[in-house]
Amino acid sequence: MDKKLVRSILLIVTYTVLLVLALLRFEELRGLFARLMGLLRPVYIGFAVAFVLDRPCRCFYKLYQRILGGGPAGRASRPLAVATSYLALLAALAVLVSFVLPKVGESVQLFVSQLGGYLYALRDMAQSLMSCLHLDTDALYAGLPSVSELTRYLRDAVDGLFQGLSSTLMGVVNFTSALISVAVTGLLSLIFSIYMLGGRDTLLPQCRRVLLAYVPRKWAEPILGVVRLTAATFTNYVSGQLIEACILGALCAAGTLFIQADYAPLIGVIVGASALVPVAGAYIGAALGAFLLLMVSPLKALIFLVFLGILQQIEGNVIYPRVVGTSIGLPGIWVLAAVTVGGGLFGLPGILLSVPTASVLYALLRKDVRRRTAEREAR
């Protein structure tokens, strides 16, 4: 019997047995996979941090190469670039903490202090609406608690929650263990990201050699092409989304200064953070910002919605194409489909990663369609 035929039969039998075992032990395999992913959490978090800092690290590396030149001094370019990238990240976080967060805290404190007034305003609005609709407001509100009672209930619930947490030893132990786990995971993720950034010039050639050694060349080259396309797409998408979120949040905060200055930093941070979520983020930021201003004045909430709508049109037609570029050239219907499917399957990570993943698949499909069409036309 032909050796190739025997090998093919053995491969088919092996794959069939493994598939049957996987189906029979699906729950156990899923639990094992979840546990493995939990253990590898510092690795992929570190990879995500290194991926985000890769572009600024390369810029700093080229800068230090020009300054230090070649020779022994040039060897310090990579460590200096990695250190500068992390210093830039820490500086950005320090600016956020020292300038933005205090303003956000003041806005939140102002909102909480005026909660009673907001409830009274909502009651007056509801009464006005009922009178316009000629409804019996007395019968409607007969069984409802008053505003002072609602405020007291809310404060009692918050006080009870804090007292329960402070008096429960188990809660303190769980919080401490969770804090230690987060700290250890963060430290290991930092170490992995530094190693990945510092050893980039060594790790990438090693991965390429391993792929070429164990995968046939006719498959290795397409795989490398897909990896390069994926890396370029995700890099442009992540950097573009971060820059765009910062620009949109700053412009929104600047515009809200003329509407309600007290809430400008809080609304700017909300709109900027929600801009990181594709499609649904714009509606989430608009709804939260309008809700905050609705408590102050319905007219201001309406003005804010009009302003934000105009700003988002400018962002979508001017800022986004220039910042993100044409590398995420995915039609709108597929963006919506990718976000819906990704969010349904994987939650928030699926929403954030679905658009660049769909963009890569769309680019590969378009390339394959063009290749097949050219081959048919050449016949």
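Rule-based calculations on the coordinates, nothing more; no lab input. Bear in mind the structure is a predicted one, so any value in this text is a computation, not a measurement.
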Distance from the Cα centre of segment 32-70 to that of segment 216-268, in angstrom?
17
Stokes-Einstein at 25 °C, 0.890 mPa s, Kirkwood radius from Cα pairs: D for segment 243-309 in µm² s⁻¹?
217
